[in-house]
Amino acid sequence: MKTSDLINSFSEFKELKNIDRETLMHILEEVFRSTLLKRYGSEDNFDIIVNIDKGDLEIFRNRLIVEDGKLTNPQREIEYSEAIKIEDDFEVGEELSEPIQMSEFGRREILSIRQNLVSKIQDYEKANIYQKYKEKKGQIIVGEVYQPWNKEILVIDEDKNELTLPKSEQIPQDRYRKGDTLRAVVLDVVMKNNNPVIILSRTAPIFLERLLEQEVPEIYDGLIRIENVVREPGERAKVSVESYDDRIDPVGSCVGVKGSRIHGIVRELRNESIDVINYTPRVDVMIQRALNPAKISSIKINEATRSAEVFMDPDQVSLAIGKGGHNIKLASKLVGYEIEVYRTEDEGYVDDVALRDFNDEIDQWVIDELIKIGCDTAKSVLAIPKAELLARTDLEEETIDEVLRVLKAEFEED
């Protein structure tokens, strides 16, 4: 192989992989020095000149000219009689720079050089991709869906790097086909079998946080701070925000005029309902705001256990719990307190019994399923027709029949 052919082939590889000129020159020199060390036993007395643009590579071996018969190190010295065969005006004590031709290397050495070059360039690419995405961790990237699979989606970025969006990091309503544009946040970057694996997410709270930064200039500029973000991906999210400027309404700024700022984010998150809440360090006030739209009568807070008992009128309980229990679950996460909702004892509910008191006769998971739809007492369950219970829960008909039998028996005994 000619020197120019070898350099040209890697010049093309450089263009394909976006390796800068200086890096490729360094890699080429490193590989050739390794080959020279194996061949001659030393490499520090060689000069390697690489010109990527012209496809040139020159190697010069430098040796000291010594008197005949006084040669001690043939790798670094050359006798005078041999030196003048190369050029007749050399003198003892001068340094001879002798070019090394590529033809002097054997076929195996050339193949080894090429393999080492490919390996080092690939290692450089992997390290470069790893570092690039390490710095982008927590940032939004835009990619193209290359291959959607059952367990993950393969995404490619603008540089044709492969990224992974696992099923667990997809919003349940996400549906992508090959060629679609996808937005996600870089969740993690790991090395697996010496290959960088870039994991994306559309369900992480930071994805919503970054979307808000893009849509709300006041957040990007630091005038509004996002205190906390909690999500049930594709269903509901709660965001607490605080303004550093009393003249700025943090909630209004995030929502925008007629919801102009938040609507785009809601569409991106597959119609995920987003509640923006004004942050306050007062736990009782935060709980009231987090459980909105439910109206609270009173709150008992236990700082030791970081829990709160919330009392409200019966017609507000289902609002506080929310569809599928998402509202109360997210409120607890947002505030950092375990919230339990109780009905105020008004007329018509004095003789009621909490569902949790039936856990010796009804499985706890069944009770939890009923609480999710806002039924936390026996009478609240009995007040709902059986057909509606079937429609609003994931319970089997036999299970609901058994629950109704147990609850009715409690009041028949009374």
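Results, tabulated for the structure shown:
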quantity: Contact order relative to length of the stretch 136-287, as percent, for alpha carbon pairs under 8 angstrom and 6 or more apart; calculated: 18 percent
quantity: Candidate lysines for bridging to residue 151, where Cα separation is under 17 Å - those fewer than 8 sequence places away on the same chain excluded; calculated: 167, 178
quantity: Loop-located chymotrypsin sites (Phe, Trp or Tyr not before Pro) in the stretch 169-237, at most 16 other Cβ atoms within 10 Å (DSSP); calculated: 176
quantity: Relative contact order (%) - criterion: Cα under 8 Å, at least six apart; region: the stretch 316-389; calculated: 39 percent
quantity: The chain: radius of gyration and largest Cα-Cα distance (Dmax), Å; calculated: 36.0, 124
quantity: Proximal lysines to residue 379, defined as alpha-carbon separation beneath 23 angstrom and excluding residues fewer than eight positions away on the same chain; calculated: 295, 323, 408
quantity: For the chain, with +1 on Lys and Arg beta carbons and -1 on Asp and Glu, the positive-most of 366, 250, 321 along the dipole; calculated: 250
quantity: Along each principal axis, Cα extent of the stretch 176-245, largest first, Å; calculated: 49, 27, 22
quantity: Anisotropy class of the stretch 127-219 from Cα gyration tensor, a/c 1.5 cut; calculated: oblate
quantity: Among 391, 378, 308, residue whose mean-square fluctuation peaks in a GNM of the chain (springs only between Cα atoms under 10 Å); calculated: 391
quantity: The stretch 309-414 - percent of accessible surface contributed by carbon and sulfur, probe 1.4 Å; calculated: 46 percent
quantity: Gyration tensor (alpha-carbon) shape descriptor, the stretch 26-100, a/c threshold 1.5; calculated: oblate
quantity: Proximal aspartates and glutamates relative to residue 300, as straight alpha-carbon distance under 18 Å, when same-chain residues fewer than 8 apart are discounted; calculated: 284, 309, 313, 338, 340, 345
quantity: Alpha-carbon centroid distance for the pair the stretch 267-299 / the stretch 78-93, whole angstrom; calculated: 90 Å
quantity: Size of charge dipole - the stretch 73-128 - debye, nearest 20, with Cβ of Lys, Arg +1 and Asp, Glu -1, no other charges; calculated: 840 debye
quantity: Whole-Å distance, taken between Cα centres, linking the stretch 348-404 and the stretch 161-184; calculated: 38 Å
quantity: Convex hull per residue volume in Å³, alpha carbons only, for the stretch 208-258; calculated: 78 Å³
quantity: Net dipole in debye of the stretch 360-414 [+1 Lys, Arg Cβ; -1 Asp, Glu Cβ; about Cα centre; nearest 20]; calculated: 360 debye
quantity: Mean residue ellipticity (222 nm) of the chain, computed from DSSP H runs ≥ 4 via -39,500 (n - 2.57), nearest 500; calculated: -12000 deg cm²/dmol
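The values are calculated or read from the model by the stated rules, or taken from the named source; none is laboratory data. These numbers come from a predicted model, not from an experiment. Methodologically, a virtual Cβ is constructed for each residue, glycine included, from the backbone with ideal geometry; neighbour enumeration extends over all protein chains shown. Note: areas computed on protein heavy atoms with side chains; ligands, DNA, RNA excluded. Shrake-Rupley method; radii C 1.70, N 1.55, O 1.52, S 1.80 Å.
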